[in-house]
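The values are calculated or read from the model by the stated rules, or taken from the named source; none is laboratory data. Only a predicted model underlies this, so the values are computations on that prediction, with no experimental measurement involved. Using ideal geometry, Cβ is built from the backbone for each residue, glycine included, and neighbour counts are taken over all protein chains shown.
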Amino acid sequence: MFSLMLASENMAFSIALVLMLMIAVLEGVAALFGTGVSSALDSLLPESELSPHAEVGQIDSDTALSRFLGWLRIGEVPLLMLLVIFLLCFGLLGLLLQGVLHSVLGVLAPGWLAVPIVLLLSLPFVRFGGGVLQAIMPRDETSAVTEDSLIGRIAVITLGTARVGYPAEAKVRDQHGYSHYVQLEPDDAAAEFIQGNEVLLLSRQGAVYKAMLNPNPHLSEQR
């Protein structure tokens, strides 16, 4: 088993499983201190370069990219959870298929061929896993309020660094106390929001909210 995992053809799958375990360990350690693991993962995750339609929240459906992201349940389940599901499915499925191939034919598929195939095969499992998580998540993580009704409320950056043109994920509660995950960026081109910052939602352009740092500590009571 270990020889299969350490084979050069399977290195991508093994690395995916190691990353998944690292996230689990970091999450456990962070939980002991009452913090989140998102900031620890910033160095592992690429900066978002998606268009405003690639939002985490209510995603517009007028582009192929936004439809694909919606199909993956981005916006219905936090990105960190979907990342863990993807790493687990990609790693296990890759090793399983390579193991079957080796047992039947005595060879392993080269990485350049196996990785894209397993990547595509993993996507339906990510969608399924996201659906399961969505079903068991507390009900206060979703609601049917309109996007514009969140304007004027306080959000907290949960994943990534927000700059103009580079939205980050944030969590905001609506007037009913339900939580939503949205994408936002600074209204000021010179501003930058990091994980943990409280921001005030000012407006919405397409699928991305514009925000500024919370100007009034009393507004934090909305959370």
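So for the range 200-218 (the condition being farther than 14 Å from Thr161 by Cβ, at pLDDT below 85, aromatic (Phe, Trp, Tyr) and in the same structural domain as Leu159 (by TED's automatic domain parsing)), does at least one residue qualify? Checked the range 200-218: no residue is farther than 14 Å from Thr161 by Cβ, at pLDDT below 85, aromatic (Phe, Trp, Tyr) and in the same structural domain as Leu159 (by TED's automatic domain parsing). Residue-level analysis places Val172 outside the set of residues that are crowded, with 18+ Cβ neighbours inside 10 Å and at pLDDT 95 or above.
Looking at Gly152, Gly206, Gly160, can you tell me which residue is of a type in the set (Gly, Ala, Ser) and within 19 Å of Leu82 (Cβ to Cβ)? Walk me through how you get there before you give the answer.
On the way: Gly152 fails: within 19 Å of Leu82 (Cβ to Cβ); Gly206 fails: within 19 Å of Leu82 (Cβ to Cβ).
Testing whether each residue is of a type in the set (Gly, Ala, Ser) and within 19 Å of Leu82 (Cβ to Cβ) leaves just Gly160.
Based on this model, can you work out whether Ala162 counts as surrounded by fewer than 16 Cβ atoms within 10 Å (Cβ to Cβ) and not polar (S, T, N, Q)? No, not satisfied.
Only residues that are farther than 19 Å from Asn216 by Cα and free of Cβ contacts under 8 Å to residues at least 40 places away in the same chain were counted in the range 166-183, giving 4.
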